[in-house]
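Data block below; observations after.
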Amino acid sequence: MPKKARPAGDGKEQGPVPKQVKVEAACGPSSPLNFDSPSGLFESFISPIKTETFFKEFWEQKPLLIQRDDPALATYYQSLFRLSDLKSLCSWGIYYGRDVNVCRCVHGKKKVLNKDGRVHFLQLRQDFDQKRATIQFHQPQRFKDELWRIQEKLECYFGSLVGSNVYITPAGAQGLPPHYDDVEVFILQLEGEKHWRLYQPTVPLAREYSVEAEDRIGRPTHEFTLKPGDLLYFPRGTIHQADTPEGLAHSTHVTISTYQSSSWGDFLLDTISGLVFDTAKADVALRAGIPRQLLLQAESIAVATRLSGFLRMLADRLEGTKELPSADMKKDFAMNRLPPYYMGDRAKLVAPGGQLPGLDSTVRLQFRDHVVLTVGPYQDPSDETRGEMVYVYHSLRNRRDTHMMGNETESYGLRFPLSYMDALKQIWNSSAISVKDLKLTTDEEKQNLVISWPYVLTDVHRRTASYSMSQKVTKAIFRPVYLIQCGRKGTAPINVNLTVITWCSLEEITSLKSLTGSRKILNNN
């Protein structure tokens with residue numbers, strides 16, 4: 001599933017982002033899935049197949065069909081999305097192209113039947129019934145709580161964005177021609193039945209979407225019919241097509257997909273620029289100018305030889321690199337993924353509150369799966385010097401209603417000097433850690449590190465005379481306004497938004513901590 005919304009054929013992407021729509025049943029079925037942990041969720045998601053078996057025999061290799069005769073699971077799947085949900089969704093304001101595509105497969109080609117502007121349910125139902133059109137609903141996790149719950153856990157499990165599309169196809173119809181995708185695909189059959197045909201990939205582990213002519217793809221390698229409660233997996237590049245059999249009710253399935261642009265090649269492209277930058281700082285050979293008129297030459301053998309030598313130099317440096325620089329992948333994942341699944345008042349999730357941690361406190365991350373650490377370049381605007389910093393990105397303030405729609409423009413997190421990396425790893429890797437045990441030089445650095453975490457990223461135990469590890473954890477919810485940059489002597493981090501920049505001295509922070517109502521001061525605009 002693309003990080004940015006894929007162009008929607010003839011539809012025009014328009015209209016405001018729809019308000020949050022509640023289309024949940026008043027009392028839905030209990031979930032058969034295990035939401036205790038990301039790994040527990042995935043294990044129950046592909047049950048009865050074991051996780052180890054799945055990754056050893058199927059992942060990125062071949063399709064997996066799981067047919068289940070389980071009425072309770074079928075009922076749960078049906079609750080994820082129904083044809084009847086479209087009526088309430090249309091009443092709240094959804095738009096052709098952005099939220100919905102209407103299409104048919106005609107003579108092996110996709111025909112888009114989108115109108116302009118807002119979707120009206122009666123028109124949508126007319127196209128569905130009379131034109132036998134397939135309704136494709138983009139990113140239903142924006143509206144359906146249980147899909148949000150599933151996909152948020154899957155994003156934690158894979159460490160990659162997880163999108164979804166719902167396809168509703170009338171009897172005797174097919175919405176899309178044979179094609180392959182650039183994502184790993186999980187199909188959940190929700191309503192009715194769907195007849196599937198899979199074919200040998202022409203481009204294994206494809207990096208882009210492509211339609212294939214039926215006379216060029218050969219005979220199916222797999223052919224079967226999915227029923228409610230069934231699950232299908234196939235790797236990116238797998239050619240596939242599906243239709244709803246004649247004489248039956250409509251079919252509804254949801255495609256849950258992940259691992260777009262998440263290959264070793266993508267990761268190498270993401271890290272190589274930072275690696276070249278670091279190596280050039282240390283080796284004058286990479287700072288030397290290219291030969292005169294090199295860009296005008298057609299012959300490249302000598303240049304290729306020289307470049308191969310540089311690549312060997314980079315490889316040697318890479319083997320001794322403790323922290324890999326990341327240009328975009330980690331930040332992109334953090335800023336585009338779903339926020340934590342949270343059914344209470346979300347305002348409380350990011351509101352100020354709790355107690356300030358001190359040296360005698362024990363702290364832990366509440367949402368470790370929603371935090372990423374990375375090393376990246378930083379240029380000081382005051383003196384134009386460049387260096388490296390540790391960036392800590394989180395997704396607590398991400399908007400569910402724009403997930404996978406290409407709307408995210410802000411990233412949220414903190415920035416620290418490289419000298420803070422070991423201490424940050426201690427917090428990230430520990431179930432709980434004492435502030436005084438952090439690997440920083442001074443007590444002041446230790447305390448300023450832990451008070452810089454925003455929102456509910458940390459829980460705090462305050463040590464008392466009757467302290468015990470069984471004491472209830474008090475949430476430390478801080479919402480400082482400024483991004484405090486690190487790197488200069490006498491400064492400390494406190495930030496929130498990577499687009500807002502100011503400076504604060506250790507003395508100023510110390511005075512803030514000593515004042516009554518310091519949380520109010522830290523949150524003062």
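Bear in mind these aren't lab numbers, they're just calculated from the coordinates by the rules spelled out. Being a predicted model, the structure only gives us computed values, none of them experimental. Positions of Cβ are backbone-derived with ideal geometry, glycine not excepted, and every protein chain shown enters the neighbour counts.
Quick notes
- Peptide packing: for 291-297, 38-44, 359-365, the average count of neighbouring Cβ atoms within 10 Å per residue gives the ranking 359-365, 38-44, 291-297, highest mean first.
- Order by protection proxy (mean Cβ within 10 Å, highest first), peptides 277-290, 54-67: 54-67, 277-290
- Set Lys110/Lys194; Lys227/Lys330; Lys115/Lys227; Lys281/Lys322 screened for pairs whose C-alpha atoms are more than 28 Å apart: Lys227/Lys330; Lys115/Lys227
- For Leu161, the amide hydrogen comes within under 5 Å of the amide hydrogens of Tyr259, counting only partners 5 or more places away or on other chains and with H modelled in the peptide plane.
- Under-5 Å amide H pairs with Ser411, H placed in peptide plane, nonlocal only: Leu498
- Overall Cα dimensions of region 38-258 - principal axes, largest extent first, Å: 47, 41, 33
- Difference of contour (0.36 nm per residue) and Cα-Cα distance, Ala171 to Leu295: 38.6 nm
- Residue ranges 257-265, 332-340 sort as 332-340, 257-265 when ordered by packing (mean number of other C-beta atoms within 10 Å per residue, highest first).
- Inter-label distance for Leu307 and Thr202, nm, one decimal - labels placed 7 Å from Cα along Cα-to-Cβ: 2.9 nm
- Note that region 258-332 shows a convex hull volume over its alpha carbon atoms of 133 Å³ per residue.
- HN-Hα J in Hz across region 427-434 - Karplus 6.51, -1.76, 1.60, θ = phi - 60°, x for Gly and Pro: 5, 5, 8, 9, 5, 6, 8, 6
- Each Lys or Arg adds one and each Asp or Glu takes one away; over the other residues whose Cβ falls under 12 Å from the Cβ of Lys50, this sums to -2.
- Proximal charge balance of Gly175 [Cβ under 9 Å; K/R count +1, D/E count -1]: +1
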